[in-house]
Amino acid sequence: MPISGVVIRSQPRERKEAVCYLAALAGVEVYGSDAEGNIVAVLETATSEDMQELIDRLNKDTRIASVGLTYLNTEDEAQPVAEGEVTPRPLGFRGDCK
């Protein structure tokens, strides 16, 4: 279960609306925000792919300028990769370029 710490940037005038939007999302826990539009949150998902989808969803929202990843733990996904059961797909992996 990947867990990440993020700093989400919103426009200062949209901060309260962005915080309420984030707080209503499953897998998002907001810890605080400041007047400049910085929002500190923790994201928790079932897989790395789900984490990437959540971050992509946040980045596409008009209230959010950016999502800055500050911490990521995918420790529970490491064992199956080490044993060759799963092919590693690091966060942000998009596939082969053609």
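List of remarks:
- Dipole magnitude of the range 21-72, debye to nearest 20 (Cβ charges: Lys/Arg +1, Asp/Glu -1, about Cα centre): 140
- Contour minus Cα-Cα distance for M1 and R57 (0.36 nm per residue): 18.3 nm
- T47-R13 pseudo-label distance in nm [points 7 Å out on the Cα-to-Cβ vector]: 4.1
- Taking the average, over residues, of other Cβ atoms within 10 Å as the packing measure, peptides 25-36, 50-61, 4-15 rank 4-15, 50-61, 25-36 from highest down.
A short reminder: the numbers here are calculations on the coordinates, not readings from a lab. Predicted model, so just to flag it, every value in this text is computed and none were measured. Every residue, glycine among them, receives a Cβ derived from its backbone with ideal geometry; neighbour counts consider all protein chains shown.
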